[in-house]
Structure formats: C-alpha cells, structure tokens
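Data first, discussion second: the structure below is written as structure tokens.
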Amino acid sequence: MVAAAMEVMGFLMAFLGMIGNLVATLLPYWETSAHIGPNIVTAVVNLKGLWMECVYQSTGAFQCEAYNTILGLRTDLQAARAMMVISLILSIMACAVSTVGMQCTVCMEGSSGKAKMAGAGGCVFIFAGLMSLIPVSWKTHEVIQTFYHYSVPDSMKFEIGDCLYVGLASSLMSMLGGGLLSASCCDDLEANGGFRRHTGGYPYPDRTGTGGRARAAPRSVPYRPATLQTGINLNTANKNQTLASHVSTSSHSTAPPHSSRKLGKHNAAAASYDVTGFLDQCLAKI
C-alpha cells in the first residue's frame, strides 16, 4: 500500500512537471526588459523567449514576432530549444511507461516486468527533468551575468522572466517524481520477489481476510439424515421419564424443595396413566 501511494504521488508530481516544462517552452517570458538607470520608461516591456520576441505596451497592446530563421540564431538558443523539446518527448514516453508499470493499472498483471516498467518510467522522468534543468539554469546564469556586466548598456539589460522560475520548479518536480517512482518499484521488488500483487481495494476486490491473511475454509458439517418423528412415542417408559423431568424442573422453580419430589411423582403417575389410556383407545379402534 505504501509503495502504491508513492507511485501515485511520484507520477502526479512528474506529470505536473511535464506540464510546467511545456508552458515554459512555449511562452516568451524567459527575459524581461530591466527598467534601470535612464531606461525608466515602463510604458513598453520587451519580452524574449525560445521561439519569439514580444512587446507589451501599457495601453494593452501585445505584439509578438517569431524568429524568422533557425540556423541564424545563437548557439545557446538553438541548444535550449532542442533540449526542451527532447525533455517534453521523454516526459511523454515516461508517462506511458509508468502507466503500464504502476500498481493501480491492470496492464501486465502478475508479471515480474511490471515493477521494472515503473522503475524505467521513473528513470526516464529523472532524465527528462535533467534535460530541462540544463537550459533553464544556463539561461538564468546568462541573464544574471549580462545584467551585472559593466560594458552592457542599461537599455540592453534584461531580468529573469517568469518562465525561468516555472521551468526550474518543473524540472525539480519531474526529477523528484521520477525518484519516488524508482524508489517505490525497488521497495516492491524486494518485498514481493519481483512480482506485483494487489492487496485489495478499488478497483480490485479484497480476496483475503483482514491483514492480508487468507480466510480459513468453512468447516464441513457431516450430513445427518432427518428422522421421522411421530406425534406419539410408543415407549411409555421414556415418555414418562421425559414428562417427569420437565414437571420436576418447573415445580422446583416454584414449589418448596420438600414438596417438589411428591408433586413430581404424582404428575409422573398421572402422565403415565393418560398415555397408557390413550394407547388402549387407539388399539381398540384398530
């Protein structure tokens, strides 16, 4: 149960990291213009990203222009593009592989390769997070170095954009989620000897007893054939003894101890006479 919870938590964290990397890749908020020194006009904000440059005006106008060339771009920008795209592709592959290997799915049920698939998906998530972390850290370092460089004019300086923060957090989440997936599959392999076993719960019913122990088989009751019981017992001695025992028990609870014996004998004699007379009448009719 703990391993399954770790798997679900790790998968959700890695999936959110993939979404964050996608947002950081597409949006142009990697660099924003810095309003320092003589450049204090805040009516216009310049934005730069991996695929386009945008200008935002205080009137609400937002204009963007995509880069017209690919080979004419700087080498670091081309490398950042490639690494972010590769990170997204690896994250999609890791989602597919992890879905097959997680305990909450029925794919490859009962196979030793199920746990290995979950571990492989976690490793791919870690590698995808590392691939997106490199360009984000690289671009952050470049922006900081350019900002504090004395030979760069203030109008050409930029600050860290929102996409760099989102990309950094998303990369760490992908790596952490992949680590949880890998750790959960390793613990499950050590506990179950390489096989995945469901312990019950939705959507799989619990086929074992409390605490995972198998339910004991019900005891087999020997078959006893039913006997025909007649309304009249032909054995008068047994009948007299039964009547005497019932009457003595009831009289013992209500009458004093000394009178109970006399009353029991009288009732037994009366019951014996009644039964004998009834049998005589039945035989006379036959």
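Picking from 99, 105, which residue would you name as being assigned by TED's automatic domain parsing to the domain that holds residue 22, closer than 14 Å to residue 8 by Cβ and in a helix (DSSP H, G or I)? Give the derivation first.
Values: 105 fails: in a helix (DSSP H, G or I).
After applying the criteria, what remains is 99.
Evaluate the following for residue 64: is it in contact with a helix residue (DSSP H, G or I) (Cβ under 8 Å, 6 or more places away or on another chain) and more than 25 Å from residue 171 (Cα to Cα)? Criteria not met by residue 64. Only strands (runs of 3 or more DSSP E) whose full extent lies in the range 1-77 are considered here, and the ones with at least 2 residues that are surrounded by 13 or more Cβ atoms within 10 Å (Cβ to Cβ) are 31-33, 44-48, 52-57. The condition (being within 34 Å of the chain's Cα centre (by Cα), among the basic types (Lys, Arg) and surrounded by 14 or more Cβ atoms within 10 Å (Cβ to Cβ)) is satisfied by just one residue among 139, 114: 114. Restricting attention to the range 127-164, the residues that are farther than 22 Å from residue 90 by Cβ and in a helix (DSSP H, G or I) add up to 11.
Taken as a whole, the range 177-185 holds at least one residue that is assigned to a helix (DSSP H, G or I) and in contact with a Ser or Thr (Cβ under 7 Å, 6 or more places away or on another chain).
The values are calculated or read from the model by the stated rules, or taken from the named source; none is laboratory data. It should be emphasised that the depicted structure is a prediction, and the values quoted were computed from it without experimental measurement. Reconstructed Cβ throughout: ideal geometry from the backbone, glycine too, with neighbour counts over all protein chains shown.
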